[in-house]
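J.: Okay, here's the structure, questions in a sec.
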Amino acid sequence: MPVDRRPVHSRAMPPAILLAGLGGLTIAAIFFFLTLGARGNWGFILAFRGTKVAAMMLVGYAIAVSTVLFQTITNNRILTPSIMGFDFLYRLIQTVMVFQLGSATVAAFDPRLRFGIEVGAMVAFSWLLYRWLFSGSLRGLHLLMLVGIVFGVLFRSLAGFLQRVIDPNEFLVVQDRLFASFNRVDGQLLAVSALVVLAVSVAVWRNARVLDVLALGREAAINLGVDHRREVTRILVMVSVLVAVSTALVGPVTFFGLLVANLAYLLADTHRHRLILPVAALVASLTLMAGQLVLERLLGFNGALGIVIEFLGGIVFLVILVRRAAR
């Protein structure tokens, strides 16, 4: 049975109260997002805003869970799955499609086809990477991350080169698609994405106790009887699917996972994943909902929330680095 490593004098709230509080705040944020400033046809308003709410909850959940899983297997709380190059691969895919086919042709694509291409490319890339690095003599999670960084630089360089030679009008279209936005989510894709995320979530929940052991470190996990390589490979595949789905749905959000995962660790104050994962998912949904509510309804901005998230996430990243350096 996994050991609760929460100190006896912990000031964290009891799990039931913490989850109920976050759940209540999330429900309140959903209510205000759906109703605040609404005038006119309620059928249209609820359908339009409801799609955005569903997208924010789904993307928040996928990013939060994937980040917690990635930090568990790497034993590092300043890393996110974006270090594997997913964001830059997404940028390269968007740039290549517009460069080769033109923005008008890409815009005329069936959204489900484009979504399938983007998710399939990102999952196939990660699967080939894991298979290559975990099947031969070249093995190791740190080597995997290093190769992911190298591929990320390669993808970024290729995308940057194509963006320099592309038509300026086409370049603006590409730039618009490279910032995460919940204003252009296609409702047809939400059901498919939800089913994929649900399937991954069932697998994650069933392996929650293995995750508790993996959080102790590689040597401790092996000594406790865990097949470390197999479990890490399985979790990396789950992380890849979650990141691919969320990125293809709204665009890349580099620092959001770092932000909500560290807030979840702070609130839960435990290493038990059956508490950390739902807390992280609720914090992510609440953060996205409240941020979009303030941005749209109170400040009157129609900009991308992803820009604000990147700014705040970057600050959190620097704070964590400074605190670690000071120890």
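The values are calculated or read from the model by the stated rules, or taken from the named source; none is laboratory data. Predicted, not measured: the structure shown is a model, and the values here were computed from it. No Cβ is skipped: glycine too gets one built from the backbone with ideal geometry, and neighbour counts run over all protein chains shown. These accessible areas exclude ligands, DNA and RNA; they are computed on the full protein's heavy atoms, side chains included. Shrake-Rupley method; radii C 1.70, N 1.55, O 1.52, S 1.80 Å.
J.: Restricting attention to segment 144-187, which residues are farther than 24 Å from F48 by Cβ, open to solvent by 50 Å² or more (accessible area, probe 1.4 Å) and of a type in the set (V, I, T)?
T.: Those that are farther than 24 Å from F48 by Cβ, open to solvent by 50 Å² or more (accessible area, probe 1.4 Å) and of a type in the set (V, I, T): I149, V150, V153, V165.
J.: Counting only residues that are surrounded by fewer than 20 Cβ atoms within 10 Å (Cβ to Cβ) and not hydrophobic (A, V, I, L, M, F, W, C), how many does segment 75-94 have?
T.: Number of matching residues: 3.
J.: I'd like the full set of residues that are surrounded by 23 or more Cβ atoms within 10 Å (Cβ to Cβ), of a type in the set (G, A, S) and either within 30 Å of M13 (Cβ to Cβ) or touching a Leu at 6+ places or on another chain (Cβ under 7 Å) (or both), limited to segment 219-246.
T.: Listed by number, the list holds a single entry, S246.
J.: For segment 148-251, give me every one of the helices (runs of 4 or more DSSP H) that falls completely inside it and has 2 or more residues that are under 21 Å from the mean Cα position of the chain (by Cα) and of a type outside the set (D, E).
T.: By residue number, 168-177, 187-206, 208-214, 228-250.
J.: Could you check how many residues of segment 95-125 are farther than 23 Å from S157 by Cβ, surrounded by 18 or more Cβ atoms within 10 Å (Cβ to Cβ) and among the hydrophobic types (A, V, I, L, M, F, W, C)?
T.: 2
J.: Could you identify the single residue in A208, A203 that is at pLDDT 90 or above, more than 28 Å from A47 (Cα to Cα), surrounded by fewer than 17 Cβ atoms within 10 Å (Cβ to Cβ) and of a type in the set (A, V, I, L, M)? Spell out how you get there, then give the answer.
T.: On the way: A208 fails: at pLDDT 90 or above.
Within the list A208, A203, the selection yields A203.
J.: Return the residues of segment 252-275 that are within 16 Å of I78 (Cα to Cα), part of a helix (DSSP H, G or I) and in contact (Cβ under 8 Å) with a residue 60 or more places away in the chain; say none if nothing qualifies.
T.: Correct list: F256, G257, L258, V260, A261, N262, A264, Y265.
J.: Which one of the conditions (1) within 16 Å of the chain's Cα centre (by Cα); (2) within 26 Å of L286 (Cα to Cα); (3) modelled with pLDDT of 80 or more does K52 fail to meet, given that it meets all the rest?
T.: The one condition K52 does not meet is (1).
J.: While we're looking at this one, here's another question. Checking the conditions here, which among L249, L259, L277 is of a type outside the set (F, W, Y), more than 20 Å from G120 (Cα to Cα), buried (at least 21 other Cβ atoms within 10 Å of the Cβ) and modelled with pLDDT under 85?
T.: That would be L259, the only listed residue that is of a type outside the set (F, W, Y), more than 20 Å from G120 (Cα to Cα), buried (at least 21 other Cβ atoms within 10 Å of the Cβ) and modelled with pLDDT under 85.
J.: Now for a separate question. Working carefully through the options V196, V173, V226, V185, find the one that is out of contact with any Phe, Trp or Tyr (no Cβ under 9 Å at 6 or more places or on another chain), touching a residue at least 12 places away in the same chain (Cβ under 8 Å) and under 18 Å from T67 (Cα atoms). Before the answer, list the steps.
T.: Details: V173 fails: under 18 Å from T67 (Cα atoms); V226 fails: under 18 Å from T67 (Cα atoms); V185 fails: under 18 Å from T67 (Cα atoms).
None of the others qualify; the one that does is V196.
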